[in-house]
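The block underneath contains the structure these notes are about, expressed in structure tokens.
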Amino acid sequence: MILRDLLDVLSKERRRKEKIEAVQNIAVGIGIVTAVSVATGILFAPKSGKETREEMKIKAVNTVETIKDTIQRKAEIMKESADHAAQGISNVIKDVHVKTERIKEDIHPKEENIKK
């Protein structure tokens, strides 16, 4: 039962990490598509080269900031997930110790009776 609880916690955390990784991949994909779309739109826009370069610089800075924010949020989520998993595992381990001590306490008097 205790091993099953531990495996359940680990399984849930693995699934949660897989979901987070999928969201990260989607976010990166959206970022790449956005960057390519913006670059394409700017390059074909009827503006002067100086205006186009300035606009591309602004868009690039904005894209980099967006990516940084996304990475920071994902890192926070991963940390929370790791903390949650560690707490769950810690709880299972404590439960195992408590149950082990109970079993020892239960067996000890019976062991005395068997020796007599």
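The values are calculated or read from the model by the stated rules, or taken from the named source; none is laboratory data. In this text, all values refer to a predicted model and were calculated from it rather than measured experimentally. Neighbour counts are summed over all protein chains in view; Cβ atoms, including those assigned to glycine, are modelled from backbone coordinates with ideal geometry.
Of all the listed residues (61, 98), the sole one being modelled with pLDDT of 85 or more, surrounded by fewer than 12 Cβ atoms within 10 Å (Cβ to Cβ) and more than 30 Å from residue 30 (Cα to Cα) is 98.
Quick test for you: out of 39, 22, pick the one residue that is modelled with pLDDT of 80 or more and either part of a helix (DSSP H, G or I) or of a type in the set (Phe, Trp, Tyr) (or both).
Being modelled with pLDDT of 80 or more and either part of a helix (DSSP H, G or I) or of a type in the set (Phe, Trp, Tyr) (or both) holds for just one of 39, 22, which is 22.
Applying the condition of being assigned to a helix (DSSP H, G or I) and among the hydroxyl-bearing types (Ser, Thr, Tyr) to the stretch 42-79 and asking which residue is farthest from residue 17 (Cα to Cα) yields 52.
When the criteria are applied in full, residue 52 fails the requirement of being surrounded by 12 or more Cβ atoms within 10 Å (Cβ to Cβ) and at pLDDT 85 or above.
Taken over the stretch 1-32, residues that are under 29 Å from residue 65 (Cα atoms), of a type in the set (Val, Ile, Thr) and in contact with a helix residue (DSSP H, G or I) (Cβ under 7 Å, 6 or more places away or on another chain) amount to 1.
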